[in-house]
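Just so it is clear, none of the values below were taken in a lab; they were calculated from the coordinates. On a predicted model such as this, the values are computed, not experimentally measured, just so you know. For neighbour counting, all protein chains shown are included, and Cβ atoms are generated from backbone atoms with ideal geometry for every residue, glycine included.
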């Protein structure tokens, strides 16, 4: 059994000088190997092989070249999770272009800003998103998936000579929501895939890599039984780095079959989907996990999960215990951000998981908590920092050299997240810098209070923010979504406050409890605490 220290000590980066994501995720595999199982709205599956991916991406690359797209050009992809979305990225990369994943949930204004700021040369769009894109960028060439694009691809050659890109060349551009100012585009190179591989292997408990896979490029335990065939699924949109680079791209690189389904997320449906298709690996954002727990999902429904990965918000002991019992598989938490993804996490088969901790720095990544002068902190709250260079770190913000410079200090990327490192090297997320609640001299992170509230049987979802208080400066306020059958009341609000008081501390008790039907989220599923603070202020002033 490999231990954590051995894993880190033996790991080395082996990144080729020439590397193209589009080729590595399609052409490099046997044509007959299953790459994607797509489930339509009626529940009917269609299997596509890597041969299909290779030919389709070649045809689309030829179509894009005919539009004048050349190496370095940005091409938007406004397509929900589907075969078309995956092929679009492969084709753009083969051409040497930069893919610009954009969520279908974006409205015209959000699309307009990102398409204009990136200087996109064209956009690949699904039929349901055409009107929004047309409003956002009326003069931008649009390739509409379905009959329109298929007709163009049918007349294009299925042979294409991919650009011999450097591993340092740009490959994709993903915009971050940020805390202030307009979104910034984080530009990543083809090399970023290799930066994701240690996390992918650890989170998914050393997935069943194809025999012709790439184990020489990631020195991790070769404990993959040859007769196991993993199938991976996530409800996360592939327009988010979590869906694209935590699931789709590493899976295809390793030759692992991906499942996609044309269906809005529903916890019971998700459980049935994973059971019916024998899914073994899944990335479920915290909100999805909490919804499944609230819905009473258990492994008795036929789940065959081997490993569950989650990230975005810390889970506590209650949720981790439910994962082991309810899902029948360990939940490995991970941490990263758009600028530097998958740098911290857990692998329950190699090192012990500490509930509430987001894990330890993964092989190949150096992560510390530092003070404002760059000194490492142990047992104290500071900013989480990632050492550069690192293949997973962005090349920089698109056309924002000043913002890029501000993101780094003395060779370290500043995440903008506050955390703490314990004496054993485990990292504990506290909050975003602007989410810290300062109350009577206490610095309170909302995560611990939220985890405590989630342990109450009446709570389905919750979020905690700091709100103004004349006496204390700020106090915690809890926005709570109740489980079905539970009714809001002053008595229940007091019960929740007592629950926190008993399990945490008096200064962490939410001074206000507001019951809501739902919580505002970003397109990636993260709770929008700024929106909750704004809603609080509006409620007070109205």
Relative contact order of region 431-542, defined on C-alpha pairs under 8 angstrom at six or more residues apart (%)
25
Would you mind checking the tilt of helix 192-203 against the longest principal axis of the Cα atoms of the chain, expressed as 0 to 90 degrees and rounded to 10?
50
Which whole-angstrom value gives the distance between the alpha carbon centres of region 303-366 and region 474-542?
26
In degrees, nearest ten, helix 529-541 long axis to first principal axis of the chain (Cα):
50
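Can you give me the relative contact order of region 357-420 as a percent, contacts being Cα pairs under 8 Å and 6 or more apart?
The normalised contact order for region 357-420 reaches 36 percent.
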In degrees from 0 to 90, rounded to the nearest 10, what is the angle of the helix 267-276 Cα long axis to the longest principal axis of the chain?
50
At R0 = 30 Å the Cβ-Cβ FRET efficiency linking residue 15 and residue 408, nearest 0.05, sits at 0.90
What ranking do 40-51, 139-150 get when scored by the average of other Cβ atoms within 10 Å per residue, highest first?
139-150, 40-51
The chain, relative contact order in percent, only Cα pairs under 8 angstrom and at least six apart counted:
12
So what is the 222 nm mean residue ellipticity for the chain from helices alone, if each DSSP H run of at least 4 adds -39500 (n - 2.57) and you divide by all residues, rounding to the nearest 500 deg cm²/dmol?
-8000 deg cm²/dmol
Between residue 516 and residue 324, the FRET efficiency computed from the C-beta separation at R0 = 41 Å comes out, to the nearest 0.05, as 0.85
Using a simple spin-label model with points 7 Å from Cα along the Cα→Cβ vector, what separation in nm is obtained for residue 109 and residue 440?
4.0
If you take the beta carbon distance between residue 433 and residue 387 as r and set R0 to 22 Å, what does 1/(1 + (r/R0)^6) give as a FRET efficiency, to the nearest 0.05?
0.65
Multiply the residue gap between residue 272 and residue 380 by 0.36 nm, knock off their C-alpha separation, and tell me the result in nm, one decimal place.
34.5 nm
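Once fully extended, how much extra length lies between residue 495 and residue 483, figured as 0.36 nm per residue of separation less the alpha-carbon to alpha-carbon distance?
2.8 nm
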Inter-part distance where region 433-466 and region 18-75 are each reduced to a Cα centre, Å
43
Express the Stokes-Einstein translational diffusion coefficient of region 436-541 in µm² s⁻¹, to the nearest whole number, given a Kirkwood radius over alpha-carbon pairs, 25 °C and a viscosity of 0.890 mPa s.
176
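Sorted by packing (mean other beta-carbon atoms within 10 Å per residue), highest first, where do 473-483, 340-350, 428-438 land?
340-350, 473-483, 428-438
Rule-of-thumb check for the chain: C-alpha Rg over 2.2 N^0.38 Å?
Its radius of gyration relative to the 2.2 N^0.38 Å reference: 0.95.
Ranked from highest to lowest mean number of other Cβ atoms within 10 Å per residue, what is the order of the peptides 312-318, 104-110, 91-97? Before the final figure, lay out each step's value.
Working: 312-318: 19.4, 104-110: 15.0, 91-97: 28.0.
Put in order of decreasing packing, that is 91-97, 312-318, 104-110.
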